[in-house]
Amino acid sequence: RTPLTVVGGFIETMLDMPDIDPTTREQHLQLMHEQTGRMQRLVEDLLALSRLENGQQMKEDEVNIPNMMQILRTEAEGLSQGRHTISLEGVAPLRLIGNHDELHSAFGNLVSNAIRYTPQGGAIRLIWEERNGQPVFAVRDTGIGVAPEHIPRLTERFYRVDRGRSRSTGGTGLGLAIVKHVLQRHQARLEVQSRLGEGSEFAVFFPAERALH
Ligand code: ADP
């Protein structure tokens, strides 16, 4: 069932019952509004994924990650709406050779996940640092965590540990699949460390050669 099934159903009802009472009509419109939002996110993510999979040559530039960290923090605050403490940690003065928009999209997905899978009152840390000479972007949260058996499968399309939770927080099930593709194109790898009920760290390790000191 796609969101369109729901929207189509309501449209049919409204066509059949032109004199529907205002409260019901309002409820239907509200649900249709939610479902079109879901459909929009799904289409956008599918398009992003298909562009990445087409394997078009990626334009590489010097990307100012310290700048991007500030933007990611602002975006995180927008998503959190005051429900979490969001902080930047150890922002290394390092630029990265890569594609700005792809990196922004990948990092943004990790940030959005941390917020969506962390209950109110939790903390989210955004990190940009060097670990053993490698540039690392990481997001640490104090959220619900992921059981070890699920971790290897998280980047599969539409793989979700808890479908209901993913959906209710606006997930498409494609975020980490997009992340995986972007990282592949940057020869980077994703490392996930997590404890159920305690939190997670999603860390992206880039090759040392991509760093500009
Ligand atoms: P979704 O849209 O479902 O969030 P993703 O591809 O972004 O899709 O993530 C896949 C699954 O990985 C999620 O459904 C969720 O179960 C799990 N997940 C991702 N990030 C986190 C996180 N920070 N904490 C706990 N679980 C996570």
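The values are calculated or read from the model by the stated rules, or taken from the named source; none is laboratory data. Fair warning: this is a prediction, and the values are worked out from it, not measured in the lab. In this analysis, Cβ positions are derived from the backbone assuming ideal geometry, glycine residues included, and neighbour counts consider all displayed protein chains. Calculation scope for accessible area: heavy atoms of the full protein, side chains included, ligands and nucleic acids excluded. Shrake-Rupley method; radii C 1.70, N 1.55, O 1.52, S 1.80 Å.
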field: Surface share of carbon and sulfur [accessible, 1.4 angstrom probe, percent] for the chain
entry: 50 percent
message: Could you work out [θ]222 nm for the chain from helices alone, using -39500 (n - 2.57) per DSSP H run of at least four and dividing by all its residues? Round to the nearest 500 deg cm²/dmol.
response: -15000 deg cm²/dmol
query: What is the magnitude of the charge dipole of segment 1-113 about its Cα centre, with +1 placed on the Cβ of each Lys and Arg, -1 on the Cβ of each Asp and Glu, and no other charges, expressed in debye to the nearest 20?
result: 240 debye
query: Roughly how many debye, to the nearest 20, is the charge dipole of the chain about its Cα centre, given +1 on each Lys and Arg Cβ, -1 on each Asp and Glu Cβ, and no other charges?
result: 440 debye
DSSP bridge pairs, segment 1-137: antiparallel proportion in percent, nearest 5: 60 percent
- prompt: Normalised by the number of residues in the chain, what is the relative contact order in percent for Cα pairs under 8 Å and 6+ residues apart?
  reply: 21 percent
task: Express in nm, to one decimal, how much length is gained between residue 47 and residue 14 on full extension, taking 0.36 nm for each residue of separation and deducting their alpha carbon distance.
output: 8.8 nm
- prompt: If one takes the longest principal axis of the Cα atoms in the chain, at what angle in degrees, from 0 to 90 and to the nearest 10, does the Cα axis of helix 65-80 lie?
  reply: 30 degrees
query: So, counting K/R as plus one and D/E as minus one, what does the shell of residues with Cβ under 11 Å around residue 136 add up to?
result: -2
- line: Between residue 131 and residue 159, the two model label points (7 Å from Cα along the beta-carbon direction) sit apart by a distance in nm of 2.0 nm
message: Quick check: Cα centre of segment 53-93 to Cα centre of segment 120-174, how many Å?
response: 15 Å
message: Can you tell me the orientation of helix 100-116 relative to the chain, as the angle in degrees between its alpha-carbon axis and the longest Cα principal axis, to the nearest 10?
response: 60 degrees
Segment 57-139: relative contact order as a whole-number percent, Cα under 8 Å and 6+ apart: 37 percent
Furthest towards positive pole of dipole, 7, 23, 119, structure part the chain, Cβ charges: 119
Accessible surface ranking that places the most exposed of 111, 6 first, with a 1.4 angstrom probe: 6, 111
- prompt: Per residue, how much accessible area does the chain have with a 1.4 Å probe, in Å²?
  reply: 55 Å²
- prompt: Where does helix 175-185 land angle-wise versus the long Cα axis of the chain, in degrees 0 to 90, nearest 10?
  reply: 30 degrees
